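Here the structure is laid out as structure tokens; the discussion comes afterwards.
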Amino acid sequence: MATIHDKISSISVMLADSNPLVLSAMSEIFERDPRFSLVATSSTAEGFLGTVMRVPVQVGVIDWNLPALGGAKLIEVLRDQDTAPKLVVYADEASDVPRKAMSAGAAGFAPRSGAVDSLLDTCLAVSEGKMVFPYLDVRELQTDPIEQLSRRERTILEALSKGLTNKELSVELGITTNTVKFHLSNLFEKLSVKNRTQAIAFYYAKRAERGDFRLED
């Protein structure tokens, strides 16, 4: 029998899958495991998004082809939210989905063909801050830090190149200066730079490398 302490320390999870049979089976698996607390399920990306924006969820397990936004767009929307759950894509390995999921900003990937324990272990690892992509060679992704930036971080990088101060960034983006500093810290880490001057230099180096490009592409 699960104790009160177990319930308090369990990992909150939300599931989203377009296949009702898969969703039902996953729900049963997580409900049986005392390490997890199943918060909700959804058959659409919009339903998942609406719930996790209102209810704290630590880990989300999503179908890559989730209607109607799709997994990639859902991850893109959520990765700009400070309180968003860490996302595990549960899908087939075909069509280079693991690489696309990592590039989009997912924290983990679990193949549908794998054992149930593999999905649970992936969720546990992701909840601890790890990235789990057992079937993916990430070396190609790591060569371009731009791929790891969220939309907000790309916007901030482009604004930095125009010489905007933290206060000006705060006004332009409609966020507090503390939030600006938070995003800058993440941005510097992802680009492997130490300050805004180096970040700006990185930005213009990429422009020279790619030609006339937009970071939102």
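The values are calculated or read from the model by the stated rules, or taken from the named source; none is laboratory data. Only a predicted model underlies this, so the values are computations on that prediction, with no experimental measurement involved. Quick reminder, even Gly has a Cβ in these numbers, built from the backbone with ideal geometry, and neighbours come from all protein chains shown.
Would you pick out the residues in the stretch 144-202 that are at negative phi and assigned to a loop (DSSP other than H, G, I, E, B)?
Within the stretch 144-202, 144, 149, 150, 161, 162, 164, 165, 175, 176, 193, 194, 195 qualify.
Within the set 184, 120, 157, the sole residue that is assigned by TED's automatic domain parsing to the domain that holds residue 10, surrounded by 13 or more Cβ atoms within 10 Å (Cβ to Cβ) and at pLDDT 80 or above turns out to be 120.
For residue 215, the requirement of being at pLDDT below 85, surrounded by 13 or more Cβ atoms within 10 Å (Cβ to Cβ) and out of contact with any Leu (no Cβ under 9 Å at 6 or more places or on another chain) is not met.
Taking the stretch 42-76 as the range and being of a type in the set (A, V, I, L, M) and crowded, with 16+ Cβ neighbours inside 10 Å as the test, the residues that pass are 45, 49, 52, 57, 59, 61, 62, 66, 69, 72, 74, 75.
Surrounded by 14 or more Cβ atoms within 10 Å (Cβ to Cβ) and assigned to a helix (DSSP H, G or I) - does that describe any residue in the stretch 28-37? There is at least one residue in the stretch 28-37 that is surrounded by 14 or more Cβ atoms within 10 Å (Cβ to Cβ) and assigned to a helix (DSSP H, G or I).
Can you pull out the residues in the stretch 77-113 that are part of a loop (DSSP other than H, G, I, E, B) and surrounded by fewer than 17 Cβ atoms within 10 Å (Cβ to Cβ)?
80, 81, 82, 83, 92, 93, 112, 113 - these are the residues of the stretch 77-113 that are part of a loop (DSSP other than H, G, I, E, B) and surrounded by fewer than 17 Cβ atoms within 10 Å (Cβ to Cβ).
Of all residue pairs spaced 6 or more apart or on separate chains, those with beta-carbon atoms under 7 Å, a first member in the stretch 152-175 that is without any contact (Cβ under 8 Å) to a residue 40 or more places away in the chain and a second member that is part of a loop (DSSP other than H, G, I, E, B) and among the aliphatic types (A, V, I, L, M) are 172/164.
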